[in-house]
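Asker: Can you read through this structure? Questions will come right after.
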Amino acid sequence: MKKLRVAIIGQGRSGKGIHGAFFKSDENEKYEVAYIVEKSAKRRDIAAKEYAGCTVLSDYTELFGKKDVDLVVNASFSQMHYPITKDLLSHGFNVVCEKPFGRTVYECMDLINTAKKNGVVVTAFQQSLAAPDFETVKRLINTGKIGNVLQINIRYQGFARRWDWQTLQSFCAGSVYNTGPHPIGQALCLLDWDDKATVAFSSLATAITSGDAEDFAKIIITAPGKPFVDIEITSTDAYNDGYRFKVIGTKGSIKIAGSEYAMKYLDEEKTAPRELIRRPLEKENGDPLFCNETIELTEETGIFTGSSFDSAVKRFYDMMYDVTVEGKPLKITPEMAMKVIGIIEKCHADNPLKARFDDRVEYLD
């Protein structure tokens with residue numbers, strides 16, 4: 001099997017802890033890390049030891065002209081995703097860009113057009129679209145057992161503080177740009193990527209973060225004839241009830257929490273519909289009677305393995321291998337990522353937050 005040679009830009013939490021961790025794992029049989037690009041000299045030294053045989057560089061432009069790179073992973077700071085990805089595409093590289101794909105729809109469209117112009121592939125690392133919990137939700141919905149879907153809740157909750165660059169608006173950060181692409185992408189997928197999907201309501205707030213970006217977000221998305229998706233991303237939920245997905249249908253519900261799922265629904269073969277009675281209900285003695293019955297619900301439960309940070313990463317890079325080597329179409333496309341950014345852009349436009357910090361970063365070597 002041919003191994004693809006990869007260059008990773010950035011050795012932060014994503015570049016090292018997600019992409020790099022996968023490429024170094026036993027699950028990876030299709031890629032080898034050829035280059036690591038990192039501003040920090042300390043991190044370059046570490047990378048040279050951890051990725052056997054790789055070459056370390058201090059600037060991504062040092063990749064230009066190299067013919068032995070099949071794929072570049074852009075895990076730089078979020079505000080640099082667009083300019084660096086565009087530069088790489090213009091120089092003929094295939095690129096996986098970490099989320100967010102860009103700050104605006106314009107930037108995303110420019111990347112898509114630049115890739116087409118140069119005959120290369122670009123997409124965003126929205127691996128949560130291949131996550132086991134999300135695939136389980138889709139599978140259970142498609143059984144039809146809970147009937148027509150009316151409402152979908154997606155929760156990214158907890159109580160925690162951050163004080164790093166991911167709390168700064170100038171870094172294209174905050175909960176919606178950082179975490180938001182996961183639930184927003186999943187929401188749009190459950191709405192069939194409808195071009196008319198829109199933000200029905202949104203609210204952003206800065207609560208306990210040290211920066212000036214939001215760490216609370218409430219977003220409701222819907223499309224004509226589709227259910228609405230209620231998204232919460234919050235760092236201040238002291239009573240986190242633990243579920244990631246809850247789907248309410250006309251006959252029952254689905255809940256995903258951790259690695260467990262449950263689906264409870266009305267089986268009409270076991271419980272026949274009730275005949276409508278138009279007159280007031282009453283007991284034999286004439287007293288009023290309220291509708292009251294014991295409904296037997298069928299429940300299915302189970303577990304699944306894997307998460308967005310292991311099996312989903314493998315599925316994503318299996319897809320990229322098939323695209324790069326065999327010319328297969330992308331399953332997670334840049335157009336999908338652009339729709340995600342359109343929702344995020346709308347939320348920020350409707351909820352402007354005062355910027356208080358610039359985009360300087362210090363490297364402690």
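Asker: Rank-order 5-16, 26-37, 204-215 by packing density, defined as the average count of other C-beta atoms within 10 Å over each peptide's residues, highest first.
Answerer: For the peptides 5-16, 26-37, 204-215, the packing ranking is 5-16, 204-215, 26-37.
Asker: Picking from 169, 37, 289, whose Cα lies most toward the positive end of the charge dipole for the chain (charges on Cβ: Lys, Arg +1; Asp, Glu -1)?
Answerer: 37
Asker: What residue among 305, 198, 143 shows peak mean-square fluctuation when the chain is described by a Gaussian network model with Cα springs under 10 Å?
Answerer: Highest fluctuation of the listed residues: 143.
Asker: Let me ask something else about it. Accessible area, 1.4 Å probe, largest first: how do 40, 58 sort?
Answerer: 58, 40
Asker: Toward the positive end of the charge dipole of region 222-339, about the Cα centre and with charges on Cβ (Lys, Arg +1; Asp, Glu -1), which of 243, 324, 253 goes farthest?
Answerer: Result: 324.
Asker: Checking the table 16/255; 24/116; 39/66 against a 26 Å threshold on Cα-Cα, which pairs fail?
Answerer: 16/255; 24/116
Asker: Which of the lysines could a cross-linker span from residue 117 if the Cα-Cα distance has to be under 16 Å and same-chain partners fewer than 8 positions apart are dropped?
Answerer: 86
Asker: Ok, one more. Positive end of the charge dipole of region 11-87 (Lys, Arg +1 and Asp, Glu -1 on Cβ, about the Cα centre): tell me which of 52, 75, 25 has its Cα farthest that way.
Answerer: Going by the Cα projections, it comes out as 75.
Asker: Calculate, for residue 117 and residue 297, the FRET efficiency according to 1/(1 + (r/R0)^6) with r their C-beta to C-beta distance and R0 51 Å; round to the nearest 0.05. Working shown, then result.
Answerer: Numbers: r = 56 Å, r/R0 = 1.09.
E between residue 117 and residue 297, to the nearest 0.05, is 0.35.
Asker: Still on this structure, I have one more. Tell me the label-point distance for the pair residue 25, residue 210, using the 7 Å Cα-to-Cβ offset, in nm and rounded to one decimal.
Answerer: 3.0
Asker: At residue 240 and residue 198, where each label point lies 7 Å from the Cα along Cα→Cβ, what is the point-to-point distance in nanometres?
Answerer: About 3.4 nm, to one decimal.
Asker: Okay, moving on. How large is the dipole of region 228-332 about the Cα centre if only Lys and Arg carry +1 and Asp and Glu carry -1, each at its Cβ, rounded to the nearest 20 debye? Working shown, then result.
Answerer: Working: 14 positive and 20 negative charges, 69 e Å.
Using Cβ point charges on Lys, Arg, Asp and Glu, region 228-332 gives about 340 debye.
Asker: Just for the chain, what percent of DSSP beta bridges are antiparallel, to the closest 5?
Answerer: 60
Asker: Same structure again: Among the aspartates and glutamates, which have Cα under 19 Å from the Cα of residue 218 when same-chain residues fewer than 8 positions away are ignored?
Answerer: 230, 232, 237, 241, 345, 350
Asker: Now for a separate question. For residue 283, list the aspartates and glutamates whose Cα falls under 20 Å from its own Cα; do not include residues on the same chain fewer than 8 positions away.
Answerer: Leaving aside aspartates and glutamates fewer than 8 places away in the same chain, those within reach of residue 283 are 275, 293.
The values are calculated or read from the model by the stated rules, or taken from the named source; none is laboratory data. As the structure is a computational prediction, the values presented were derived from the model and not from experiment. No Cβ is skipped: glycine too gets one built from the backbone with ideal geometry, and neighbour counts run over all protein chains shown. To get the accessible areas, we keep the full protein, side chains included, count just its heavy atoms, and leave off ligands, DNA and RNA. Shrake-Rupley method; radii C 1.70, N 1.55, O 1.52, S 1.80 Å.
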